[in-house]
Protein chains: 4
Amino acid sequence: MVADSSDTSALFGAIGGVIPPICTPLTPDRRLDLDSLRSLRTHLIGQGVSGIFALGTMGEGHYLTPSQSTTVVETLAAEKGPEPLLVGIVEPTTPRVLEGIDRLVSEQVDGIVVTGPFYANVSEPEILRHFELVAKHSPVPVLAYNMPSNTGYALTAHNMIELLAEDLIVGIKDSSLDLTNLRRVTVEVPNVDKKLIFTGSDTLLDCALDIGANGAVTGLSNIAADYFVAAMAAHAGDRRIDLSRILRVLNILVQVYVPTEVERGPNSTAIGALKSALVEQGIIASDALSEPMTPVTEGRREHVRSVLAEARQLVDMAESQGLAS
Amino acid sequence: MVADSSDTSALFGAIGGVIPPICTPLTPDRRLDLDSLRSLRTHLIGQGVSGIFALGTMGEGHYLTPSQSTTVVETLAAEKGPEPLLVGIVEPTTPRVLEGIDRLVSEQVDGIVVTGPFYANVSEPEILRHFELVAKHSPVPVLAYNMPSNTGYALTAHNMIELLAEDLIVGIKDSSLDLTNLRRVTVEVPNVDKKLIFTGSDTLLDCALDIGANGAVTGLSNIAADYFVAAMAAHAGDRRIDLSRILRVLNILVQVYVPTEVERGPNSTAIGALKSALVEQGIIASDALSEPMTPVTEGRREHVRSVLAEARQLVDMAESQGLAS
Amino acid sequence: MVADSSDTSALFGAIGGVIPPICTPLTPDRRLDLDSLRSLRTHLIGQGVSGIFALGTMGEGHYLTPSQSTTVVETLAAEKGPEPLLVGIVEPTTPRVLEGIDRLVSEQVDGIVVTGPFYANVSEPEILRHFELVAKHSPVPVLAYNMPSNTGYALTAHNMIELLAEDLIVGIKDSSLDLTNLRRVTVEVPNVDKKLIFTGSDTLLDCALDIGANGAVTGLSNIAADYFVAAMAAHAGDRRIDLSRILRVLNILVQVYVPTEVERGPNSTAIGALKSALVEQGIIASDALSEPMTPVTEGRREHVRSVLAEARQLVDMAESQGLAS
Amino acid sequence: MVADSSDTSALFGAIGGVIPPICTPLTPDRRLDLDSLRSLRTHLIGQGVSGIFALGTMGEGHYLTPSQSTTVVETLAAEKGPEPLLVGIVEPTTPRVLEGIDRLVSEQVDGIVVTGPFYANVSEPEILRHFELVAKHSPVPVLAYNMPSNTGYALTAHNMIELLAEDLIVGIKDSSLDLTNLRRVTVEVPNVDKKLIFTGSDTLLDCALDIGANGAVTGLSNIAADYFVAAMAAHAGDRRIDLSRILRVLNILVQVYVPTEVERGPNSTAIGALKSALVEQGIIASDALSEPMTPVTEGRREHVRSVLAEARQLVDMAESQGLAS
């Protein structure tokens, strides 16, 4: 459906804030670990997140089979409280996205997050057409997922502005590193404060919020949701010093991603680090990764542990100096 | 399964030659047009092709929903004669490819063609691992599909050589434009003449054959299979002058792809040109394209007609001068 | 020379702030127009800039012949007041940069801005080595010029951090669009507030300053230096509302760059827009561009005029509402 | 000047064949080693090359200072016999190329080889304009240098065809890996056999010749000019078996380039391998490389020696079996 503006406002009221792209825990033999998934969801909700985003890139959405994807969404839907549930539908072309919508969107799903086509060599107008068709088909509001590192191209400011201005989408999740486009969007879209402008950046949260983003959908919020929640509150209250202290912690935590091994791709580095930290924090049972990602090694785990320890040290020091987290 | 060398030889004996990546005809409202699909298959077999490749890029494999893909394969399987049927399984990650294999490979399927992971930021060793896992899972021989324009990266010579040398794959379909890698593969792989080395290039067939390719899986063979068959025969018989005459025709025909409109992406340009030519030749009923590809315009159809006419003229002239096709 | 920290501080004290990459005015037959160059320099100094950067990308440094480059630097050096003069030395490899230093650096030159190698396929360690050799050779402090849109690659955070931490360079000019790297640099470099961290972004000035940049070397400051100066003052004084008003003007002005013609490359679009606006403002005589850039058309001039008018309107409105610039 | 067709023919008659992009030997402290340069030139002429190409990419043209470039050209000009001397003028923009022409082209220079602009973000029509201006300015014939790995983009078939068809350039040196464009050029340019179509590929010589190339300007011809000369003769005489035997040797020799160390960029890998082989063959004195290329290590030298030995072994074996070279 084409979302009307009242819907948009309602959704916006509900889901501004931190929406983790929830990891999908697996057993060591790579089956879904639904107990760990529920545990992670409960943990995140407890940390004050505003919603849950299932089947994003950090959620290994593109690795799961159709039936696994359905199970993940059903599991999260069954646990659902008042907080919105967003679902990523990452498929190469329009017909496949429409099929994914029909399969995955139930009454418990509050919105979907959809990339532009990939593996398809489409043009800028064809990308626009893709989102128009998705918007017309979807029974729930649509967010455009700007993910150049994976699709191979960035959504243009022109396309994002057009889709937002015409209420075909209710928001964007911007995981590009180029804030120039985000600025153009927030400058040029009318009533942009009524749209969902989510940043996917782990380290530029403050900049994105200054530019006009009103939400954070960042991989790191799987393991530090409380810090992201606190950072957004500090920004909203214009407590710049608090904000800067929290960002300092996040800037340490982000080093869990720092690659030290050539044979490992960016996906396995990032998702492996998050899962490994979640195991370390006692929230999920295993850091197993979907194939063909290189399994997490003991060396990577050690690195993650040392980064977590360094972050904890900084927090302890700050607290002993009286910083209210 | 890991194909053993006797299997490979058998398959090779059967399917060296021209294997069109068969277009998937659609009705004007974009449902499968199975009558046209059968008609196209019959036409191609009649032109002497050695096999059929379903669900490739030109077959809009990445646009079809799972159930549409199944129907296409079943339809072609039902018609199948002695010629092999290859099926493309184009999915972003290993678990999805394995799921696709389970869904699409039946007794009538003789081999599968699989790309490296995409939308997944994997490393070179992870790409190798992907193919190893696919090979272990597949009940039929596997060909690696080198498709850098769509996946965003080329399979390395190292990975292709490793997979071929260890009999994990029985061949490659090389749709890169870089023949340097193909040369390295044919120079370094032991018994490479027992492998299936398919080129996807419409215009470099002679070079690819000289380098050691033994098959052509080219988009253009949908509309000019007889010329590709004749070209391969001329090359095999070392009839260089005949070969050069045939290539001249193909070099005209390839201009059906020449883009003249900015709003159209490469996929819709290429697939639209092929379908439009097939309609013009009376083989399929409509040149409708999957969404979000820009529909073929009358202007494009006119262009395709004029290219076909130019090619026909050249052929007539040659025939009047006594060229045995 | 390897700048010692006292030098660095001195330079820093002098040149924090707005340093326009000054355009190089040409006559209609593409000879240097030194009168216009002096006029532009005087205008910029009058608007409160902290220094002048000659021969940058917007200064067509890579289009000028060696003798023209020398003339530009000599002309600016002759006019020089207390404000520092930086000179861009944009050459593909180390020996050519060293030659450029010997040719262009005189007593009046306070620092040089140097890119990594280009047209040279070098590795990350070789890029580091390049800057080390440049630093050892240069009699004046060196800034590293991060310019991925032109060199084809971004300087890595690792290399920038290493060079800054070891005092081989005194700062960076970051014209990448990726603030992630800039954040890593400001987080990880010790005493980063003693370094020159210049952003090249026309539209992300506030973000860059929040991250820790202390200067702006932006193309748009050729035509709106006063706004950049005011923006930096507003940021320094934590006057967020003033800052946001000024940025609104800059976000309109940046639309002089918006491309509307396919035949024109990004260089001619951007430099043409700046020169055209400077002609419109009565500061330089001609908007002629170096070859092979497409000449500015009357249509582009009209576009520039309308953007300037829109920005002026916004300013007038703000002033009538009592905004202290 | 715009070369007229009689000139073109004359030049063509003279320089079809193998034209090595001659290495520029340096002393261990990186000064020009003119004795080694003369020795290398004499050696190459003795092996039957048809001309010499100075200041190409393998000749470190982009590393040499203006005065060094002049010295290299003067030295080769002084030695010149009847064979043509081509000079590479690799500069980022039109004015700099024109300056280079004025500086480097003397009576002994028979043609220049010029890339499209780089570090300049130009459009396709601006690239065309660049070559038009260069052609008008140059007193000697111009070849377009298609070098995507270094400039960041490939010359389009459209531009190459236009420039050749209008006699603005007399030929191209194609160092792209994409033979598709080369094919389009040879198919669409009228009288293409009167143009100079040089391939820069070390391993696809046979394909390029089949497509219509009439010359080889390949890095490897610095160390194996005799094989390239023999290969071209075998191709011209349609001695396919001889050709294939020679190519087998070249396919071994090309492994001197195979990278085994991550810290080394492609430039230093390739040029270092050639210089190291030339030292090994006793033709030049040192394998020193321009900065910032990583110096050749003993490990690399060992690798080069083993490749040379393997190639020699194959040749000896072939000779003992009676292969006429």
Residue within the range C:218-225 that is farther than 17 Å from C:VAL315 by Cα, more than 14 Å from chain A (Cβ to nearest Cβ) and surrounded by fewer than 23 Cβ atoms within 10 Å (Cβ to Cβ) present: no
Check whether at least one residue in the range A:73-81 is assigned to a helix (DSSP H, G or I) and within 17 Å of the chain's Cα centre (by Cα), and report yes or no. yes
Within the range C:232-264, the count of residues that are free of Cβ contacts under 8 Å to residues at least 40 places away in the same chain and more than 26 Å from C:ARG300 (Cβ to Cβ) comes to 11
Suppose we filter C:ASN121, C:ASN150, C:ASN159 for residues that are under 18 Å from the mean Cα position of the chain (by Cα) and within 14 Å of chain D (Cβ to nearest Cβ); which single one remains? C:ASN150
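Listed here are the residues, each with its yes/no results for (1) β-branched (Val, Ile, Thr); (2) touching a strand residue (DSSP E or B) at 6+ places or on another chain (Cβ under 8 Å).
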site	(1), (2)
A:PRO95	no, no
A:LEU104	no, yes
A:ILE112	yes, yes
A:PRO125	no, no
A:LEU143	no, yes
A:ALA165	no, no
A:LYS173	no, yes
A:THR180	yes, no
A:VAL192	yes, no
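So that you can scan it fast, the table gives a plain yes or no per residue for (1) within 14 Å of chain A (Cβ to nearest Cβ); (2) of a type in the set (Lys, Arg):
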{"position": "B:PRO259", "(1), (2)": "yes, no"}
{"position": "B:GLU263", "(1), (2)": "yes, no"}
{"position": "B:ILE271", "(1), (2)": "yes, no"}
{"position": "B:THR294", "(1), (2)": "yes, no"}
{"position": "B:ARG305", "(1), (2)": "no, yes"}
{"position": "B:ALA311", "(1), (2)": "no, no"}
Close pairs from the range C:172-192: first of a type in the set (Asp, Glu), partner part of a strand (DSSP E or B) and buried (at least 21 other Cβ atoms within 10 Å of the Cβ), Cβ under 6 Å, at least 6 apart: C:ASP174/C:ASN146; C:ASP174/C:THR199
State all residues of the range B:59-103 that are in contact with a Pro (Cβ under 7 Å, 6 or more places away or on another chain), more than 23 Å from B:ALA273 (Cα to Cα) and surrounded by 21 or more Cβ atoms within 10 Å (Cβ to Cβ); if no residue qualifies, say none. B:PRO92, B:THR93, B:THR94
Restricting to the range C:177-214, what's the tally of residues that are open to solvent by 30 Å² or more (accessible area, probe 1.4 Å) and within 12 Å of A:THR180 (Cα to Cα)? 2
Pick from the range C:106-121, criterion open to solvent by 30 Å² or more (accessible area, probe 1.4 Å) and touching a Gly at 6+ places or on another chain (Cβ under 9 Å), ranking: nearest to D:ASN150 (Cα to Cα): C:ASN121
Within the range C:43-53, identify whether any single residue is modelled with pLDDT of 95 or more, out of contact with any Ser or Thr (no Cβ under 8 Å at 6 or more places or on another chain), under 30 Å from D:LEU289 (Cβ atoms) and surrounded by 24 or more Cβ atoms within 10 Å (Cβ to Cβ), and answer yes or no. no
Of everything in the range D:281-325 that's in contact with a helix residue (DSSP H, G or I) (Cβ under 7 Å, 6 or more places away or on another chain) and closer than 20 Å to D:ALA234 by Cα, which residue is surrounded by the most Cβ atoms within 10 Å (Cβ to Cβ)? D:ALA311
Selection count, the range D:245-267, where residues are open to solvent by less than 30 Å² (accessible area, probe 1.4 Å), part of a helix (DSSP H, G or I) and in contact with a helix residue (DSSP H, G or I) (Cβ under 7 Å, 6 or more places away or on another chain): 8
Out of all the residues in the range B:129-145, which are touching a helix residue (DSSP H, G or I) at 6+ places or on another chain (Cβ under 7 Å) and open to solvent by less than 10 Å² (accessible area, probe 1.4 Å)? B:HIS130, B:PHE131, B:VAL134, B:SER138, B:VAL142, B:ALA144
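Residue check: is C:GLY171 touching a Phe, Trp or Tyr at 6+ places or on another chain (Cβ under 9 Å) and over 21 Å from A:LEU182 (Cβ atoms)?
In short, yes.
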Within the set of pairs 6 or more residues apart or between chains, which connect a residue that is closer than 13 Å to D:LEU274 by Cα inside the range D:302-313 to a residue that is open to solvent by 80 Å² or more (accessible area, probe 1.4 Å) with Cβ atoms less than 7 Å apart? D:HIS303/D:THR260; D:VAL304/D:GLU280; D:ARG305/D:GLU280; D:LEU308/D:GLU280
Can you give me the number of residues within the range A:24-42 that are touching a Ser or Thr at 6+ places or on another chain (Cβ under 8 Å) and assigned to a helix (DSSP H, G or I)? 4
Odd one out for B:VAL229 among (1) in a loop (DSSP other than H, G, I, E, B); (2) open to solvent by 40 Å² or more (accessible area, probe 1.4 Å); (3) touching a strand residue (DSSP E or B) at 6+ places or on another chain (Cβ under 7 Å): (1)
On the given criteria, is C:ILE112 more than 18 Å from D:PRO92 (Cα to Cα), touching a residue at least 12 places away in the same chain (Cβ under 8 Å) and of a type in the set (A, V, I, L, M)? yes
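For every residue, the table says whether it meets (1) away from every other protein chain (no Cβ under 11 Å); (2) farther than 23 Å from C:MET58 by Cα.
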position: C:VAL97; (1), (2): no, no
position: C:VAL105; (1), (2): yes, no
position: C:GLN108; (1), (2): yes, no
position: C:ILE112; (1), (2): yes, no
position: C:ALA135; (1), (2): yes, yes
position: C:VAL142; (1), (2): yes, no
Just for the range A:43-58: of the residues that are free of Cβ contacts under 8 Å to residues at least 60 places away in the same chain and within 17 Å of the chain's Cα centre (by Cα), which one is farthest from A:ALA277 (Cα to Cα)? A:GLY51
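The values are calculated or read from the model by the stated rules, or taken from the named source; none is laboratory data. Quantities reported herein were computed from a predicted structural model and do not represent experimental measurements. For neighbour counting, all protein chains shown are included, and Cβ atoms are generated from backbone atoms with ideal geometry for every residue, glycine included. Surface accessibility is based on the protein's heavy atoms, side chains included, excluding ligands, DNA and RNA. Shrake-Rupley method; radii C 1.70, N 1.55, O 1.52, S 1.80 Å.
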